[in-house]
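The next block holds one structure in the form of structure tokens; read it before the comments.
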Amino acid sequence: MTTTQDRIDRAPLPGAAELARRSNLGVQLLRFLMLNFTMYRLAKSSH
Amino acid sequence: MARVVVLGAGVSGHTAALYLKKRLGRDHEVIVVSPGSKWNWIPSNIWVGVGKMGADKVVFPLAPIYRRKRIEFHQAKAVALYPDGDAHNPRGQVEIVYTDPTRVGTTERLGYDYLINATGPQLNFAATPGLGPDAGNTVSVCTPSHAVGAAKRLAEVITTLKAGIPQTLVVGVGHGTCTCEGAAFEYAFNVEQELQGAGVRDKAEVIYLTNEHELGDFGVGGMTFNSGGARVTSEAWMESLFRERRMKAITQAAVTRIDPGVINYTQIDGTENTQKFDFAMLLPPFRGVGLKAFDRTGAEITDTIFAPSGFMRVDADYTAKPFDEWTAEDWPKTYQNPTYANMFGVGIAFAPPHAISRPYATPGGLAVAPAPPRTGMPSGAMGKVVAMTIADMILKGALAPTHHASMGEMAAACIASTGTGLRRGTAAAMSMSPIVPDNARYPDTNGRDPRTTTGEIGLAAHWVKRVLHTMFLYKAKAYPFWYLIPE
């Protein structure tokens, strides 16, 4: 039986580009603005 | 003059009280009854629990806010409802017992025209023998004081690790029917980051122990979302994150007993296992706070108003049916009690019609079934729509609820912290719409709108979570234009 731990052990790791994207200040600043906008829109539209 | 009594001052009750007073003004009374004197921004308790934030940063006293907003505040615990009044007075009443130190133990009955039950959960540590800070075997981050205790214990474990002694840290849920797996997930990753920061990660084993059927379920049946332009399941997403952070995971587990240093759990195939630990933070299951209800003659009608779990029945479809027949339509829209139209149940206090994730059980019948989360964003939305409905009933004479916010329609965003710090912080930002999958509306995408069901990991998500901390404290303190900040 495949356990969750087996699946974790075989899971793909993020590549160098993805790791760089997650911590790049310029990219993350843009994502920060986008995430705030997305959350605001979701909250306003949901009730 | 109408009187609205709000039981509970958490996210849902406090939101309802503020909106009610804003709509009703000075012509009507809004009364809040809460056993605690302080408001707690619970999502940030995880940072208190790793020692990165003081407990004073996640709480503030309620009384000054309510005094400023002209909301009457009783620091007391509600114990019984009399929705038909008593033999002398047909007006609904709620019996409260003061926890306020100046009159602790004093009992009083408050009459009401409308009542909102936002009492939240009772932390049911007793459901699992040995679970929780009082039993002494595991810690918790459910309250600020629990989180302070968790941080202290974590610091001791780090000191032991620095002495070169390997330690096993287990974070997760302490019962087969727990909810709030997201909070346990967050705490696990923040603990892992603390260990990294202390330079002792290599000596520590960090294990996430959960009742979820697979990682990324979070009690909402998991998600399939857009991430970096590709469609990915939350399960695959989380497995990658666990591998990246060298975390282990045990899923499909119902914890049955905690002995000193040993967790006993059963998995859905019936196997009974043990896991040794040096540090364990396991969340408890929730149940209703134990409110009783009586009719005018004094006969108990608790079962009419509350589900067996102790949560209040509202306008949900409680018909028992198999998982494959569950629909988004089963979920409540107005949170009005079906027996008493002037009573509403919101936040964790309302009885859900069923779970969201597929429930499982061991061959012996032990439930391994995450309960549905009803916290945060949807909780605030419920508080607001019920406040608006009651205001319309009072001010406009509305006979039926005028506002709705079904979890089968509402979207929710979840920012799950996986580490803190302005530059080294990281979090998983997930949004889903709707919270309860609607397979009739979105048959090809697991019941959710693919345009608004998304996920990403990064520093930006941590910044968002930190901003939310500041914004929601601002809103909860009812500072100028607080109502412009959405729930």
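The values are calculated or read from the model by the stated rules, or taken from the named source; none is laboratory data. Note that this is a predicted model, so its numbers are computed, not measured. Ideal geometry is used to build each Cβ from the backbone, glycine not excepted, and the neighbour counts take in all protein chains shown.
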- Message: Please count how many residues of the stretch B:416-455 are acidic (Asp, Glu) and modelled with pLDDT of 90 or more.
- Response: 2
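Residues B:VAL157, B:VAL173: which one is more than 23 Å from B:ARG423 (Cα to Cα), modelled with pLDDT of 95 or more and touching a Ser or Thr at 6+ places or on another chain (Cβ under 7 Å)?
Selected residue: B:VAL173, the only one of B:VAL157, B:VAL173 that is more than 23 Å from B:ARG423 (Cα to Cα), modelled with pLDDT of 95 or more and touching a Ser or Thr at 6+ places or on another chain (Cβ under 7 Å).
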- Query: Of the residues B:ALA371, B:ALA320, which is among the aliphatic types (A, V, I, L, M), surrounded by fewer than 22 Cβ atoms within 10 Å (Cβ to Cβ) and part of a loop (DSSP other than H, G, I, E, B)?
  - Reply: B:ALA320
- Query: For the stretch A:11-41, what are the residues that are part of a helix (DSSP H, G or I), out of contact with any helix residue (DSSP H, G or I) (no Cβ under 8 Å at 6 or more places or on another chain) and either closer than 18 Å to B:ARG245 by Cα or within 7 Å of chain B (Cβ to nearest Cβ) (or both)?
  - Reply: A:ALA16, A:ALA17, A:GLU18, A:LEU19, A:ALA20, A:THR38, A:TYR40
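Matching residues to (1) farther than 25 Å from B:ALA147 by Cβ; (2) not in a strand (DSSP E or B):
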residue: B:TRP237; (1), (2): yes, yes
residue: B:LEU241; (1), (2): no, yes
residue: B:VAL255; (1), (2): no, no
residue: B:ILE258; (1), (2): no, no
residue: B:TYR265; (1), (2): no, no
residue: B:ASP269; (1), (2): yes, yes
residue: B:ARG296; (1), (2): yes, yes
residue: B:ALA316; (1), (2): yes, yes
- Message: For the stretch B:422-441, check the following and say yes or no: at least one residue is over 30 Å from B:ASP330 (Cα atoms), among the basic types (Lys, Arg) and not in a strand (DSSP E or B).
- Response: yes
- Message: Within the stretch B:431-452, take every residue that is under 21 Å from the mean Cα position of the chain (by Cα) and either polar (S, T, N, Q) or more than 11 Å from every other protein chain (Cβ to nearest Cβ) (or both) and give me the one that is nearest to B:ASN226 (Cα to Cα).
- Response: B:SER431
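Just to be sure before I move on: is B:GLY105 at pLDDT 95 or above, surrounded by 15 or more Cβ atoms within 10 Å (Cβ to Cβ) and part of a loop (DSSP other than H, G, I, E, B) in the structure I sent?
no
Before we move on, is A:ARG7 facing another protein chain (nearest Cβ under 7 Å), closer than 30 Å to B:ASP269 by Cα and either basic (Lys, Arg) or free of Cβ contacts under 8 Å to residues at least 40 places away in the same chain (or both)?
yes
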- Checked pairs for the stretch B:454-482, first within 27 Å of B:LYS22 (Cα to Cα), second surrounded by fewer than 17 Cβ atoms within 10 Å (Cβ to Cβ) and polar (S, T, N, Q), C-beta under 8 Å and 6 or more apart or across chains, list as B:VAL467/A:ASN36
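Count, please, the residues in the stretch B:214-247 that happen to be at positive phi, within 11 Å of another protein chain (Cβ to nearest Cβ) and crowded, with 23+ Cβ neighbours inside 10 Å.
Result for the stretch B:214-247: 1.
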- Answer yes if at least one residue in the stretch B:67-79 is in a helix (DSSP H, G or I), without any contact (Cβ under 8 Å) to a residue 60 or more places away in the chain and out of contact with any Cys (no Cβ under 8 Å at 6 or more places or on another chain), and no otherwise. yes
- Expected single match for under 22 Å from the mean Cα position of the chain (by Cα) and within 9 Å of chain A (Cβ to nearest Cβ) among B:ALA427, B:ALA416, B:ALA405, B:ALA460 is B:ALA405
- Query: What residue, among those in the stretch B:81-127 that are among the aliphatic types (A, V, I, L, M) and closer than 29 Å to B:PRO401 by Cβ, is nearest to the chain's Cα centre (by Cα)?
  - Reply: B:ALA118
